[in-house]
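Report on the following structure.
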Amino acid sequence: MASLSIDVIAFDADDTLWHNEPIFTETKRKFEQLLANYHGEEWINLKLDETEVRNIQHFGYGIKGFTLSMIETAIELTEGRISGREIGEIIGFSRQMMHHPVDLLDGVRETVALLAASHKLMLITKGDLFDQEAKIARSDLGDYFSSIEIVSEKNTRVYREIMERHAIDPERFLMVGNSIKSDVLPVIEAGGSAVHIPYPSTWFHEKLDGVDLEHVDFFELEHIKQLPAFLNGR
């Protein structure tokens, strides 16, 4: 580890710095209850997942796209019998999500503050611009990051463009995140390094099936509080 010299540490946001997936999980539970008179829970969840995947290319990631997917799924599963009142309830779910408190993961504030004293920090997150900006503001972490990138997708091209725009040597760039699909594999392909810190639950769209990671060179930590010692080679 001592041979890994890092100038810039970039962090993912959702489920790396603060809890996010549980908010969506709870809203899905409310959605399933709303449609319980029409279909079973498993079928509702399956159709909502299918609609989300189909709509990402149109609406992107985040609460607004998720809300539109819930409305579309409700119309489909009820064959158009969903009422205006029930659509209003779905919109209410969305408002609750948008105003949900930002709950930092344990050790995040102390770790980010410590690393900001020794490294240039970046935040790279995907999702809706308004939603992500609001969460960053409510997190009270924004001042620790020299730059914040809110992107529509995380892939190799996007990471390369970010590093080029900020004149970052890929060999001295480290990405920290909870998603192997978004925070690890494309960063390594772009020439950087990555630390994977798993979150207890993973959004189905971020799961990898049938991907051989045996020869992929990345690091994995159990907790973000281990990151400073890891960077110091201990």
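The values are calculated or read from the model by the stated rules, or taken from the named source; none is laboratory data. Just so it is clear, the model here is predicted, and its values are computed rather than measured. Quick reminder, even Gly has a Cβ in these numbers, built from the backbone with ideal geometry, and neighbours come from all protein chains shown. Surface accessibility is based on the protein's heavy atoms, side chains included, excluding ligands, DNA and RNA. Shrake-Rupley method; radii C 1.70, N 1.55, O 1.52, S 1.80 Å.
As a fraction of the 1.4 Å probe accessible area of the chain, surface on carbon and sulfur atoms comes out at 50 percent.
Mind listing which trypsin sites (Lys or Arg not before Pro) in segment 1-85 are in a DSSP loop and have 15 or fewer other Cβ atoms within 10 Å? Answer in residue order: Arg81. Calculated mean residue ellipticity at 222 nm for the chain: -13500 deg cm²/dmol, from DSSP H runs with n ≥ 4 weighted as -39500 (n - 2.57), summed, divided by the residue count and rounded to 500. With all pairs of separate Cα atoms included, segment 1-106 yields a Kirkwood hydrodynamic radius of 15.5 Å.
Note on Phe31: accessible area approximately 0 square angstrom, rounded to 10, probe 1.4 Å, nucleic acids and ligands left out. When the P(r) is computed for segment 86-155, the part past 20 Å accounts for 42% of the Cα-Cα pairs.
Listed cross-link partners Lys28/Lys135; Lys47/Lys135; Lys28/Lys126; Lys154/Lys225; Lys120/Lys154; Lys28/Lys225 are compared with a 23 Å cut-off, the Cα-Cα value being larger for Lys47/Lys135; Lys154/Lys225; Lys28/Lys225. Let me cross-check Leu34: its accessible surface, 1.4 Å probe, with only protein heavy atoms counted, in Å² to the nearest 10? For Leu34, the solvent-accessible surface is approximately 20 Å².
Taking all protein chains together and rolling a 1.4 Å probe, Asp14 ends up with roughly 30 Å² accessible.
Could you tell me which of rounded, prolate or oblate describes segment 14-58, using a ≥ b ≥ c as the square roots of the eigenvalues of the alpha-carbon gyration tensor, with rounded for a/c under 1.5 and, failing that, prolate when a/b is larger than b/c and oblate otherwise? Taking the square roots of the gyration eigenvalues as a ≥ b ≥ c, segment 14-58 is oblate. Phi-derived couplings, Karplus 6.51 cos²θ - 1.76 cosθ + 1.60 at θ = phi - 60°, listed residue by residue for segment 107-115: x, 5, 4, 5, 5, 5, 4, 5, 6 Hz, with x used for Gly and Pro. Using the Karplus relation 6.51 cos²θ - 1.76 cosθ + 1.60 with θ = phi - 60°, the per-residue 3J(HN,Hα) values for segment 224-230 come to 5, 5, 7, 5, x, 5, 4 Hz, with x marking Gly and Pro. Each principal axis of segment 81-210 carries a Cα extent, and these read 55, 37, 29 Å when sorted largest first. With the largest listed first and rounded to whole Å, the semi-axes of the equivalent ellipsoid of the chain from the Cα gyration tensor are 35, 18, 16.
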